[in-house]
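The values are calculated or read from the model by the stated rules, or taken from the named source; none is laboratory data. Note that the structure is a prediction, hence the values are computed from the model and not measured. FYI the Cβ positions are ideal-geometry reconstructions off the backbone, even for glycines, and counts take in every protein chain you see.
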Amino acid sequence: MTAYDVASDRSPQRRSWVLPAPSARRILLKEFLPYAVPILVVLIWQILSSAGWISTRVMPAPTDVAGAFVDQLLSGALVHNVAVSGARALAGLIVGGTIGLALGIANGISKLSEQLTDTSLQMLRTIPHLAMIPLVILWFGIGEESKLFLTSLGVLFPIYLNTFHGVRNVDRELIEMGRIYGMNGWTLFRKVILPGALPSIFVGLRYALGIMWLTLIVSESIAASSGIGHMANQAREFMMTDVVVLSLLIYAALGKLADVIAKTMERHALSWNPVYQR
Amino acid sequence: MSGYVSRYAPRPGTIEPLGGQRQTVSAGATEAVSIELRRIDQTFGPNRVLRGIDLDVPAGQFLAIVGKSGCGKSTLLRLLVGLDRPTSGSLRFADRSGDTVEANARIVFQEPRLLPWARVVDNVAVGLGQDVDENTAHVKALMVLDEVQLLDKADQWPARLSGGQRQRVALARALVSRPGLLVFDEPLGALDALKRITMQQLVSRVWRELGFTAILVTHDVSEAVHLADRVIVLDGGKVALDLDIAAEHPRHHGDPDLAVFERRLLNAILGAD
């Protein structure tokens, strides 16, 4: 009897009273709330700058940064530099990501491959790759090779580690099931191992994206003749703080964009996973 | 109970078209196989898990293997489906005319073991192996899903199904290739009592309709008696009791004739302590 009482308690009318349908105001609040703090900070910053309490040599006013954005956009320098940096990031991600993915899969599947390369990779991983900048400049100068080398190296390890971990942790029982049903080699890999490792690979990818931008910023600031890092560094020489801050904001935007793309891919590829079902 | 029977009674038209369909694709692989085990020994290091098992299972029989944990029943099962090879002894499958054949053996595990990233219908299609083209596999998978009453879930992710539904998908995956031997490894252990009964009746129905040789490994004596023609008790790697269950199918829970068999089996298992 009690069961019926509970059931009648959860009638639709009652529930809609407890949890009202989201109103337009609620939705607005939900969308707006995450941006409330940044907007407030920018407002206070603008007020302090306009009042002359912050020197433009320390920090430009938000309006100056906006002005720099328009100037750079109109001169075409901004588009050029963003394109150059974006291409470098993508090239590094593709080269480093492919190597990391291949090594992770090989070592996850083959014991021999793991014994042959894992220890060496772990040793290399402990070297901060940015510490290699002087050596890289000696090897490649400040050409594209140096940036490609450093970003690839930075991206390689997180992808390698997470792919390796993902492949190793694919449910043994599913692999056994696949074998019983006649899957082997490529089919087993495509239908069982790769999809099973994918959630972990995506964790590696998103981690790698962070390292990718970090590496690019540092290497462009030190050894480049184009790109956003170079733009910021050049602006520093002319004390153009507005362009410096603009460069930082662009890095932030690009980083966010890359993460959103990765997240969307993740949600799409892992739609079978209850965690990603909305 | 009667309501249940009518719901799961064989429906003309659900099995036959599938049989016809499969002949056009891979004729002649559905025949039940008989099994002949001779002096099977299985040793893992110092442990002799199976000790000289001799066993003949006629084609189309429903055999249940019961026994306590560690009696060797899972080991025997792995040999039957070819997951392991025996340390010594011989294992032979034959068709009804006595010729040695490859057993088209399938297994339903304790856990459904569905691919979480494949939709229900694609999980069932896995059971057809790799040689069947995609469209045929899809059609056959849908037909078998209809047999296990899950056609409406064909495009769902496995994560969205209940435990009992997942196990039915696993059964469909095993059935889709029309196996000659189907082995159940405590397939109902994780289900609640009512779902167990429903699943048992589904298993019994498909066995009667398709006529494969079935081997059920379980530690539930009542389930064994309910489903099987014959129950063997394994103890210490040997056959301790071999009992024919002479009762008509379909059987009903609470049948006093079955209770007699149940008591004999329980005595054999517990008495062996």
Those residues of region B:103-148 that are assigned to a helix (DSSP H, G or I), surrounded by fewer than 22 Cβ atoms within 10 Å (Cβ to Cβ) and of a type in the set (D, E, K, R) come to a total of 3
**residue B:142 being away from chain A (no Cβ under 14 Å) and either touching a residue at least 12 places away in the same chain (Cβ under 8 Å) or under 17 Å from the mean Cα position of the chain (by Cα) (or both)** = yes
With the structure loaded, tell me whether residue B:208 is of a type in the set (D, E, K, R), more than 19 Å from the chain's Cα centre (by Cα) and exposed (fewer than 15 other Cβ atoms within 10 Å of the Cβ) or whether it fails that test. no
In region A:247-271, anything within 14 Å of chain B (Cβ to nearest Cβ) and either surrounded by fewer than 11 Cβ atoms within 10 Å (Cβ to Cβ) or touching a residue at least 24 places away in the same chain (Cβ under 8 Å) (or both) is listed as A:266, A:268, A:269, A:270
All-but-one check, residue A:77 against (1) closer than 20 Å to residue A:239 by Cβ; (2) outside the structural domain of residue A:229 (by TED's automatic domain parsing), failing number (2)
request  = Looking only at region B:90-102, decide whether some residue is within 14 Å of chain A (Cβ to nearest Cβ) and of a type outside the set (A, V, I, L, M, F, W, C).
outcome  = yes
Within region B:100-134, residues being at pLDDT below 90, more than 21 Å from the chain's Cα centre (by Cα) and within 27 Å of residue A:270 (Cβ to Cβ) number 2
Within region B:244-268, residues closer than 18 Å to residue B:72 by Cα and in contact with a strand residue (DSSP E or B) (Cβ under 7 Å, 6 or more places away or on another chain) come out as B:265, B:268
When region B:74-86 is checked residue by residue, the ones that are in a loop (DSSP other than H, G, I, E, B) and either surrounded by 14 or more Cβ atoms within 10 Å (Cβ to Cβ) or within 14 Å of chain A (Cβ to nearest Cβ) (or both) are B:81, B:82, B:83, B:84, B:86
